[in-house]
Amino acid sequence: MTRTSSESAERLASLTSWDADWSGLRVVVAGIGVSGFAAADTLIELGASVVVVDAATSERAHAQAETLRIVGAEDVLLGPDAVERLPKVDGAWPELVVTSPGWRPDQAMLAEAARRDIAVWGDVELAWRVRTRRGRKTADWLTITGTNGKTTTVGMAESMLLAAGLKAVAVGNVGKPILDAIREPVEYDAFAVELSSFQLHWANSLSPVASVVLNVAEDHVDWHGSYESYLADKARVYANTQKACIYNAEQIETERMVEDADVVEGCRAVGFTTQTPAVSMLGVVDGLLVDRAFIEERRDHAAELGAITDIGPVAPRHMVANALAAAALVRAYGVEPAAIKRGLQSYMPGDHRIQKVAEAAGVTWVNDSKATNPHAASASLASFGSVVWIAGGLSKGVAYDQLVAEHARRLKAVVLIGADSSELAEALARHAPSVPVLPVPARETGENGGAIAGDEVMAQAVALAAERAADGDTVLMAPAAASMDQFDSYAHRGSAFMAAVREHLSKHG
């Protein structure tokens, strides 16, 4: 039976649990990557009629497609032509499109869905709607977004929840799809959910226990169309929050987001600061992390949550801010101070974020491949003195003038990677004209010259940096740009840097 658009809309509105009637719902899933595969697999299990599309033609994509066909997908369409138009499902237009987060709203197939007034959800929206299941515990959500620091903060929050004896897991943009966690045979108490601006754009129904925007800076302007649109999507994390909207007291934009948010009655605004906190804030006093928000006597007392030294031997200001944000989230959930201290002490930072690779001849080599925008790179540069900076890549439409002007005094030399880092080069020429800039050619010279592979790019970058670095310097790979022009991912870029450093030092001592 083909339902009318109003009937389909009414049915979609009723799909608010795993046990709702999903059978026969016509769905197109856009994307066959990690989140797209999880969405398609979940919908098939729920009984929906699913067609999956993706532009990919890789061996992995074909293997994923075959798996989905085996478990019951109506069809899987691969290749560039597959994503140019909206496919039908069971001979009729789909009632729903579930998109992977990286797909832009103006992508041809999603734009056609909008013209046909077909609902588009992200995998996070789908996960929220199926989170409750008869006979199973429903996990509470603590949601985290921001331009930088999301993965660190979600990891810290997970560690604190676990230290409190709760069954908890970090999910979302951090790596494990939320849908996979929901389907696991584990009755979780809470999810620490990392959300990108892309995921928030496609999410409408979330109602977390507590939420936070860590910070905002110009990023992903190419995807959102403007910085204002990017901020608007980030602010969606606060919608319908139940207990605490947590904001960065040192960045007014996040406080304004909370002021404008439509939240559950009784929800509080709680700030965090790396300075002395006011009432209803978390902050720092004499090297201690303290809480003046979640205690009854907060007007003239503070609860000690731990020490800055609990974060690690090196705790840059932005790491302290991340720890305070994570602490505020879990305090809103009811976690006691002692568990926060234990959680910080047991937290193990992930790779590629201000990660010391080696120290030789007085030179420290640091991998910060996760610094994919100027804001992240600025926090990284601020952690060191004299720096030989390896930077460049896909700019994502952002500007570099403020970054270079702020840190020009600490730059000893800059090694430029990236297929086209002209915007960063121009900013360096304007604001750091005396700093040597050493470009790594994006293409080989010669009659048949082609693009240089990412690993070779990094080997050349490390060699150039080594020529300029001396005792007391830090060679910092913090690109302030995305990686996909020369590498598979920021992780590939970081791994290539670490391998190149170790190879160089093994040869040259």
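The values are calculated or read from the model by the stated rules, or taken from the named source; none is laboratory data. This is a predicted model, so every value here is computed, not measured. All Cβ positions, even for glycine, are placed from backbone atoms using ideal geometry, and neighbour counts span all protein chains on display. For the accessible areas, the whole protein counts, side chains as well, though only heavy atoms, and no ligand, DNA or RNA atoms are used. Shrake-Rupley method; radii C 1.70, N 1.55, O 1.52, S 1.80 Å.
Within the stretch 258-272, residues that are of a type in the set (Val, Ile, Thr) reach partners that are modelled with pLDDT of 95 or more and open to solvent by 60 Å² or more (accessible area, probe 1.4 Å) with beta carbons closer than 6 Å, at six or more positions or on different chains, in the pairs VAL264/GLN242. Looking at the stretch 173-209, which of the residues that are of a type in the set (A, V, I, L, M), open to solvent by less than 30 Å² (accessible area, probe 1.4 Å) and more than 18 Å from the chain's Cα centre (by Cα) is farthest from LYS150 (Cα to Cα)? In this case the residue turns out to be ILE182.
Quick grid of which residues meet (1) under 28 Å from the mean Cα position of the chain (by Cα); (2) buried (at least 19 other Cβ atoms within 10 Å of the Cβ):
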| site | (1), (2) |
| --- | --- |
| ALA399 | yes, no |
| VAL415 | yes, yes |
| SER421 | yes, yes |
| PRO436 | no, no |
| PRO439 | no, no |
| ALA461 | yes, yes |
| VAL475 | yes, yes |
| ARG493 | yes, yes |
| PHE497 | yes, yes |
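When residues in the stretch 225-249 are screened for being open to solvent by 10 Å² or more (accessible area, probe 1.4 Å) and either more than 19 Å from GLU125 (Cα to Cα) or among the hydrophobic types (A, V, I, L, M, F, W, C) (or both), 13 of them pass. As a summary of the residue check, THR57 satisfies the conditions (1) of a type in the set (S, T, N, Q); (2) open to solvent by 10 Å² or more (accessible area, probe 1.4 Å); (3) part of a helix (DSSP H, G or I) except for the one numbered (3).
This table checks each residue for (1) touching a residue at least 12 places away in the same chain (Cβ under 8 Å); (2) assigned to a loop (DSSP other than H, G, I, E, B); (3) over 21 Å from VAL71 (Cα atoms).
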position	(1), (2), (3)
ARG11	yes, no, yes
ASP19	yes, yes, no
PHE37	yes, no, no
THR42	yes, no, no
VAL52	yes, no, no
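Looking across THR372, THR364, one residue alone is within 22 Å of the chain's Cα centre (by Cα), closer than 25 Å to ALA391 by Cβ, among the hydroxyl-bearing types (Ser, Thr, Tyr) and open to solvent by 10 Å² or more (accessible area, probe 1.4 Å). It is THR372. Taking the criterion of being in contact with a Gly (Cβ under 7 Å, 6 or more places away or on another chain), surrounded by fewer than 21 Cβ atoms within 10 Å (Cβ to Cβ) and within 14 Å of VAL212 (Cα to Cα), the only residue of the stretch 260-295 that qualifies is THR273. Does any residue of the stretch 250-259 turn out to be surrounded by fewer than 18 Cβ atoms within 10 Å (Cβ to Cβ), hydrophobic (A, V, I, L, M, F, W, C) and part of a helix (DSSP H, G or I)? Yes. Scan the stretch 152-172 and give yes if some residue there is surrounded by fewer than 24 Cβ atoms within 10 Å (Cβ to Cβ) and charged (D, E, K, R), otherwise no. For the stretch 152-172, residues surrounded by fewer than 24 Cβ atoms within 10 Å (Cβ to Cβ) and charged (D, E, K, R): present.
Of the residues in the stretch 111-124, how many are among the charged types (D, E, K, R), within 17 Å of GLY36 (Cα to Cα) and surrounded by fewer than 20 Cβ atoms within 10 Å (Cβ to Cβ)?
Residues that pass the stated criteria total 0.
For the stretch 11-20, does any single residue satisfy the condition of being of a type outside the set (Ser, Thr, Tyr), under 13 Å from ALA119 (Cα atoms) and open to solvent by 20 Å² or more (accessible area, probe 1.4 Å)? Yes, the stretch 11-20 contains a residue that is of a type outside the set (Ser, Thr, Tyr), under 13 Å from ALA119 (Cα atoms) and open to solvent by 20 Å² or more (accessible area, probe 1.4 Å).
Quick check: anything in the stretch 477-485 at pLDDT 90 or above and either of a type in the set (Lys, Arg) or under 19 Å from ALA361 (Cβ atoms) (or both)?
So in the stretch 477-485, the residues at pLDDT 90 or above come out as 477-481.
From what is left, the residues that are either of a type in the set (Lys, Arg) or under 19 Å from ALA361 (Cβ atoms) (or both) are 477.
There is at least one residue in the stretch 477-485 that is at pLDDT 90 or above and either of a type in the set (Lys, Arg) or under 19 Å from ALA361 (Cβ atoms) (or both).
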